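To keep things clear, I will list the structure first and then write my remarks on it.
Since every read-out is calculated from the coordinates, none of them should be taken as a lab result. The model shown is predicted, which means the values in this text are computed figures rather than measured ones.
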Amino acid sequence: MDKVKYELIERARKNDKKALVQLIKEEQNNIYTTLFYLKKDSYEINDIAQDILLKLSKNITKLKNTNNFKTWLNQIIINSYYDYLRKYKKNSALNIVKNEDESVLEVPDYRDNPQKKILNSELDFIIKTSIENLPVHYKIPIALREIQGLSYDEISNVTKTSLGTVKSRIARARAMIKDEIDKYSKE
């Protein structure tokens, strides 16, 4: 975490309202992005995000260590998402896949080539569809790893599962997504 962000969080922890507003502005996009990958309905995302932002603002003074802010915030995000699932018992979605070598599947920018842009959007659709079908216990670790950039240890703490379970779930999710992409490419 950079020094400016650290100081902003410190000030927010000490009940500085201007710092809290700035912190919320900076984290809002991050929260919405994570929720987008977990839940496809934008109206529901707005409700969950508002709940998260409210919890952030109410509880920032309880954060014991500024260096743990990212893990702390992700815990709020995941707990709020689980609360939502318990409340509505609906399926969720996320939009991430990794190659076998652990690198994020990056899709090139095809603005200058309409045919490649169409193929790219089809691939995005296939990936998103295959991820929508993943069980929640696979989506959460992938979202935390790929969207939030948490380490396996941090994911283990946030999800309250063992390190081995986290690694296994991420690997299984990647394999399932890869299988779906492979099926499509054979058609």
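Couplings 3J(HN,Hα) for region 167-180, derived from phi with the Karplus relation 6.51 cos²θ - 1.76 cosθ + 1.60 (θ = phi - 60°), are 4, 5, 5, 5, 5, 5, 4, 4, 5, 5, 5, 4, 4, 5 Hz, where x marks Gly and Pro.
Extension gain, Glu44 to Asn15: 0.36 nm times the residue separation minus the Cα-Cα distance gives 7.5 nm.
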